[in-house]
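The values are calculated or read from the model by the stated rules, or taken from the named source; none is laboratory data. Bear in mind that the values here come from a model prediction, so they are computed numbers and not experimental data. No Cβ is skipped: glycine too gets one built from the backbone with ideal geometry, and neighbour counts run over all protein chains shown. Only protein heavy atoms, including side chains, enter the accessible area calculation; ligands, DNA and RNA are left aside. Shrake-Rupley method; radii C 1.70, N 1.55, O 1.52, S 1.80 Å.
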Amino acid sequence: MRRLIPTLAVCLALGGAASADPDRWQYAWPDTDFAQSTVDFDEILSGGPPKDGIPAIDAPQFLPAQQEERLSPREPVLTYVPDGAPARAYPVRYLMWHEIVNDVVAGKPIAVTFCPLCNTGMVFDARVDGEALTFGVSGKLRHSDMIMYDRQTESWWQQATAEAIVGEMTGTDLVQLPAWMESWDSFRAEHPDGLVMDQPSSPRSYGANPYASYDTSERPFLYRGENPPHGIHPLARVVRVGDRAWPLERLRDAGELREGGVVLTWRAGQASALDTREIGAGREVGNVRVHDTQGRALVHDIPFAFAFHAFQPDGEWMLGP
């Protein structure tokens, strides 16, 4: 890695990345049932910040897209298009610093999430058995992926898999909703009457990337697992649909791929949020859309290859002929 992630480096120097110790965790997590778990606690590390040290956003405010003047054209936003309500754009410049946004859209509670270390931008239905949950950032990582927690039971959830891995909710899955990363220009063109999340009031350097040069690093931050197969670089992006992964480089070269009932398209115009210090100036990663053969948006995300391999070790790599 060219340099340590600055927001985490100091925390690590002060004792972050500590070994697993449920007895010690219990002090900060008195309501978490550590007797219930589906994972090896040795796989869980402190990422540096404590519980809620990265503050989730509740009750976000929105602007009409045409009134937003702070975002640059190539900046990524996470787009969610609900039934019967305007499309919503959640700028990565805010998700980078908060990682979770708890929102209610058209009466549905949702959790909008982004883990910079895995490049996993995912939107979930925040209901379990009809009960609405809200989520915070635990400060823990597993395979470099954010572990969220729900405030109702303080169970721990793996963001990349949408599964509760520790606590009362262990074994429960959230439902991932169709959502996608695209440039601000792309969102405005397709949804001129859409809404965009307004800038939070927290004192953060919004628009700056605290993980500069991360996606050109040699290894993921705090990752202990093996590299992906087929010589794929750990920090290469892939398009994940279920347990299948298409290398983004392959899709970029083709422009469009139609395989196994999935239609993937790529077009230029989106900056990497994890490249240069200024998010909107990052190198080209393009806009990806994923549909079925009837044109319906499919649930997907664009993780780094190491994250797909870590969480889908038996997954299928769609490498082409």
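Kindly indicate the residue of the stretch 46-103 that is part of a strand (DSSP E or B) and of a type in the set (Val, Ile, Thr) and also farthest from Pro210 (Cα to Cα) among those meeting that condition.
Residue satisfying both the conditions and the ranking: Thr79.
Among the residues that make up the stretch 231-238, is at least one of them in a loop (DSSP other than H, G, I, E, B), open to solvent by 50 Å² or more (accessible area, probe 1.4 Å), within 24 Å of Glu316 (Cα to Cα) and not hydroxyl-bearing (Ser, Thr, Tyr)? Steps first, answer last, please.
Within the stretch 231-238, the first condition is being in a loop (DSSP other than H, G, I, E, B), and the residues that meet it are 231-236.
Checking which are open to solvent by 50 Å² or more (accessible area, probe 1.4 Å) leaves us with 231, 233.
Those still in the list that are within 24 Å of Glu316 (Cα to Cα) too: 231, 233.
Remaining after also requiring not hydroxyl-bearing (Ser, Thr, Tyr): 231, 233.
Among the residues of the stretch 231-238, at least one is in a loop (DSSP other than H, G, I, E, B), open to solvent by 50 Å² or more (accessible area, probe 1.4 Å), within 24 Å of Glu316 (Cα to Cα) and not hydroxyl-bearing (Ser, Thr, Tyr), which makes the answer yes.
Residues are listed down the side, and each one gets a yes or a no for (1) in contact with a Ser or Thr (Cβ under 8 Å, 6 or more places away or on another chain); (2) at pLDDT 95 or above; (3) surrounded by fewer than 23 Cβ atoms within 10 Å (Cβ to Cβ); (4) not in a loop (DSSP other than H, G, I, E, B):
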{"site": "Thr113", "(1), (2), (3), (4)": "yes, yes, no, yes"}
{"site": "Ser138", "(1), (2), (3), (4)": "no, yes, no, yes"}
{"site": "Met148", "(1), (2), (3), (4)": "yes, yes, no, yes"}
{"site": "Glu168", "(1), (2), (3), (4)": "yes, yes, yes, no"}
{"site": "Arg188", "(1), (2), (3), (4)": "no, yes, yes, yes"}
{"site": "Val196", "(1), (2), (3), (4)": "no, yes, no, yes"}
{"site": "Pro200", "(1), (2), (3), (4)": "no, yes, yes, no"}
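Looking only at the stretch 256-270, count how many residues are more than 24 Å from the chain's Cα centre (by Cα) and at positive phi.
Here the count works out to 2.
For residues that are in contact with a helix residue (DSSP H, G or I) (Cβ under 7 Å, 6 or more places away or on another chain) and without any contact (Cβ under 8 Å) to a residue 40 or more places away in the chain, tally how many sit in the stretch 17-40. I'd like the intermediate steps shown before the answer.
So in the stretch 17-40, the residues in contact with a helix residue (DSSP H, G or I) (Cβ under 7 Å, 6 or more places away or on another chain) come out as 20, 22, 34.
Still in the list and also without any contact (Cβ under 8 Å) to a residue 40 or more places away in the chain: 20, 22.
The qualifying residues number 2.
Of everything in the stretch 285-297, what is outside any loop (DSSP other than H, G, I, E, B) and either open to solvent by less than 40 Å² (accessible area, probe 1.4 Å) or in contact with a Pro (Cβ under 8 Å, 6 or more places away or on another chain) (or both)? Give them in sequence order. Lay out the reasoning, then the answer.
Start the filter on the stretch 285-297 by keeping residues that are outside any loop (DSSP other than H, G, I, E, B), which leaves 287-292, 297.
Across the stretch 285-297, the qualifying residues are Asn287, Val288, Val290, Asp292, Ala297.
Considering the stretch 293-314 alone, what residues qualify as being within 20 Å of Glu218 (Cα to Cα) and not aromatic (Phe, Trp, Tyr)?
Those that are within 20 Å of Glu218 (Cα to Cα) and not aromatic (Phe, Trp, Tyr): Ile302, Pro303, Ala305, Ala307, His309, Ala310.
With the requirement that a residue be free of Cβ contacts under 8 Å to residues at least 60 places away in the same chain and among the aliphatic types (A, V, I, L, M), what does the stretch 147-161 give you? Break it down into steps so the answer makes sense when it comes.
Within the stretch 147-161, the subset free of Cβ contacts under 8 Å to residues at least 60 places away in the same chain is 148, 150-152, 157, 159.
Across the stretch 147-161, the qualifying residue is only Met148.
Does Gly282 satisfy the condition of being buried (at least 18 other Cβ atoms within 10 Å of the Cβ) and modelled with pLDDT of 95 or more? Steps first, please.
On the way: buried (at least 18 other Cβ atoms within 10 Å of the Cβ): yes; modelled with pLDDT of 95 or more: yes.
Yes.
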